Amino acid sequence: MDYFLDRREDAVIVAVHGRVDEASWESFGAGLSEAIQQAQQSGLGDVIIDLQKLDYMSSRGLRVLTVAKRQGQEASVTISLASPNEVMREILAISRYDKLFTITETIEIRR
Amino acid sequence: MLVRFWGTRGSLPVAPTAMAIRHKIANALVAADGRRFENSADAERFVDRELSFAAGSHYGGATSCVELEAGNGSYFICDMGSGLRSFGLDSMRRNAAGHKKTYNFFLSHLHWDHIMGFPFFAPSFDPEATIRIHAAHPDAEQALRRQQEEISFPVPFDWLRANIEFEQLTPGKSHEVDGVRIETKLQQHSHDSYGYRFTDADGRAVIYSTDSEHKLDKMDVEAAFIEFFRNADLVVFDTMYSLAESVSMKEDWGHSSNMVAVDLCHEAGAKKLALFHHEPTYEDEDIQRMHEESIRYEELTREGSPLEVICSYDGLEVRV
Ligand SMILES: [Zn+2]
Ligand SMILES: [Zn+2]
């Protein structure tokens, strides 16, 4: 698993590559905390997690997302998910995380 | 080892309504599409082959009670939910055929749905029966006596005729009971709960881990569960909620999800997972969908050898 942060004008984008599982959930969590901090420091209200290059995420990764969502709420930062592949779409449905997070087709925010 | 499920429902016993049975029969007749059956065995073959489990059967509504046929001839039973009543009657038939009248119980915890069957456990009136209740909770005896106090039940605990003993288990320590090795693990649940690992003389291992929450902010303690489940032949696991429910509205309600079950079993190299402690508001179709989704999630995330995901129902027998 690797992640890359990109601070745009309207949001901080976290691109996740590879797989988030028992071996990588801790560093994924650290990456999300970093993104939330960056957004807060830049006065941005959005962190978008770009899932395009993510193979899949196990329950560990999903639970890290919930932890990040709570951190985000304290920092007035909204976390959303963008461009999941087919496998990740299924996992989001099976876990019912599609009810907890906004999931968009692309990383562009449409307001 | 043979594992027999007498009660698989969580929290509260449930039963299908008249409407639910009518619905199943009507749908089965439509599916049969005018076919003729020679006899009921022929019709049952149709049910088995052509109807889904939810359409042609029922997961059952009795609360937690799981029997293990293991060891040197005494009974091994996990929990005393409402499923215990049927087990008690069945065991008396077996006793009449010569089975040893020694019952070894292992209690996950003392919540009502896990002890409510004991006042209806007929062998407790048999003066020749020995009932050994193993629990890591020091207040197990108090819980069982209390539910038979006059305000709750007409027959007090002291009227029971069997020889009843309480055995205190120590988590982390290995106990030997009638040829079976038992290990106990503390779990996250209101007033605590304990998981059990049963290993027979052939080295077959069955895990009973119900009413156990795997919390968001305590994922680092899961390594100990993976060790506890290591290479188990069967893991019976509390899969009451979806992952999203378990981390949102139902956080701290003390239960877990199918996805955490699959992840922990994968990491432990377990061979078979039995989904257990079904949500009482779920219809058969809901439980079946949860089972199908669990199988799919296992496929999507599998890296090593496959984990077989089965869904427990009242009456299921699994040989390991
Ligand atoms: Zn329970
Ligand atoms: Zn409980």
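The values are calculated or read from the model by the stated rules, or taken from the named source; none is laboratory data. Note that the coordinates shown come from a computational prediction; the quantities given were computed from them, not determined experimentally. Positions of Cβ are generated from backbone atoms using ideal geometry, with glycine treated the same way; all protein chains shown enter the neighbour counts. Heavy atoms of the whole protein, side chains included, go into the accessibility calculation; ligands, DNA and RNA do not. Shrake-Rupley method; radii C 1.70, N 1.55, O 1.52, S 1.80 Å.
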Can you work out which of the residues in the range A:1-33 that are in a helix (DSSP H, G or I) and of a type in the set (A, V, I, L, M) is surrounded by the most Cβ atoms within 10 Å (Cβ to Cβ)?
A:Leu32
Filtered residues of the range B:197-220 (kept if more than 15 Å from ligand 2 (Cβ to nearest atom) and either within 14 Å of chain A (Cβ to nearest Cβ) or crowded, with 24+ Cβ neighbours inside 10 Å (or both)):
B:Phe198, B:Val206, B:Ile207, B:Lys215, B:Leu216, B:Asp217, B:Lys218, B:Met219, B:Asp220
Looking only at the range B:176-196, which residues are within 16 Å of ligand 2 (Cβ to nearest atom) and under 15 Å from B:Phe106 (Cα atoms)?
B:Lys185, B:Leu186, B:Gln187, B:Asp192, B:Ser193, B:Tyr194, B:Gly195, B:Tyr196
How do the strands (runs of 3 or more DSSP E) wholly within the range B:249-320 filter down when requiring 2 or more residues that are surrounded by 24 or more Cβ atoms within 10 Å (Cβ to Cβ) and within 16 Å of ligand 1 (Cβ to nearest atom): which remain?
B:272-276
Please go through the range A:74-89 and give me each residue that is within 20 Å of B:Ser294 (Cα to Cα), surrounded by fewer than 20 Cβ atoms within 10 Å (Cβ to Cβ) and in contact (Cβ under 8 Å) with a residue 24 or more places away in the chain, ordered by number.
A:Asn85, A:Val87
Can B:Ile133 be described as under 26 Å from B:Trp112 (Cα atoms), open to solvent by less than 10 Å² (accessible area, probe 1.4 Å) and either within 14 Å of chain A (Cβ to nearest Cβ) or among the aliphatic types (A, V, I, L, M) (or both)?
yes
Within the range B:229-258, which residues are more than 18 Å from the chain's Cα centre (by Cα) and more than 23 Å from B:Gly61 (Cα to Cα)?
B:Arg230, B:Asn231, B:Ala244, B:Val247, B:Ser248, B:Met249, B:Glu251, B:Asp252
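Yes/no matrix, rows are residues, columns are (1) modelled with pLDDT under 95; (2) more than 26 Å from A:Glu26 (Cα to Cα):
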site: B:Asp178; (1), (2): no, yes
site: B:Lys185; (1), (2): no, no
site: B:Arg204; (1), (2): no, yes
site: B:Asp220; (1), (2): yes, no
Restricting to the range B:64-99, give me the number of residues that are open to solvent by 20 Å² or more (accessible area, probe 1.4 Å) and within 24 Å of B:Thr199 (Cβ to Cβ).
6
I'd like the full set of residues that are among the charged types (D, E, K, R), more than 14 Å from chain B (Cβ to nearest Cβ) and either open to solvent by less than 60 Å² (accessible area, probe 1.4 Å) or without any contact (Cβ under 8 Å) to a residue 12 or more places away in the chain (or both), limited to the range A:90-111.
A:Glu108, A:Arg110, A:Arg111
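Rundown of residues vs (1) within 14 Å of chain B (Cβ to nearest Cβ); (2) not in a helix (DSSP H, G or I), yes/no style:
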{"site": "A:Val67", "(1), (2)": "yes, no"}
{"site": "A:Ser80", "(1), (2)": "no, yes"}
{"site": "A:Pro84", "(1), (2)": "yes, yes"}
{"site": "A:Met88", "(1), (2)": "yes, no"}
Yes or no: B:Ala140 within 16 Å of ligand 1 (Cβ to nearest atom), away from chain A (no Cβ under 14 Å) and closer than 20 Å to B:Glu67 by Cα?
yes
Quick check on the range B:224-273: of everything there that is among the small types (Gly, Ala, Ser) and in contact (Cβ under 8 Å) with a residue 60 or more places away in the chain, which residue is farthest from B:Gly10 (Cα to Cα)?
B:Ala270
For the range B:100-117, give me each residue that is within 15 Å of ligand 1 (Cβ to nearest atom) and either among the polar types (S, T, N, Q) or open to solvent by less than 20 Å² (accessible area, probe 1.4 Å) (or both).
B:Phe106, B:Leu107, B:Ser108, B:His109, B:Asp113, B:His114, B:Ile115, B:Gly117
So B:Phe237, is it assigned to a loop (DSSP other than H, G, I, E, B), touching a helix residue (DSSP H, G or I) at 6+ places or on another chain (Cβ under 6 Å) and assigned by TED's automatic domain parsing to the domain that holds B:Tyr297
no
On the given criteria, is A:Ser58 within 14 Å of chain B (Cβ to nearest Cβ) and not charged (D, E, K, R)?
yes
Checking the condition modelled with pLDDT of 95 or more and either under 20 Å from B:Val66 (Cβ atoms) or among the charged types (D, E, K, R) (or both), which residue from B:Ser174, B:Ser212, B:Ser190 passes?
B:Ser212
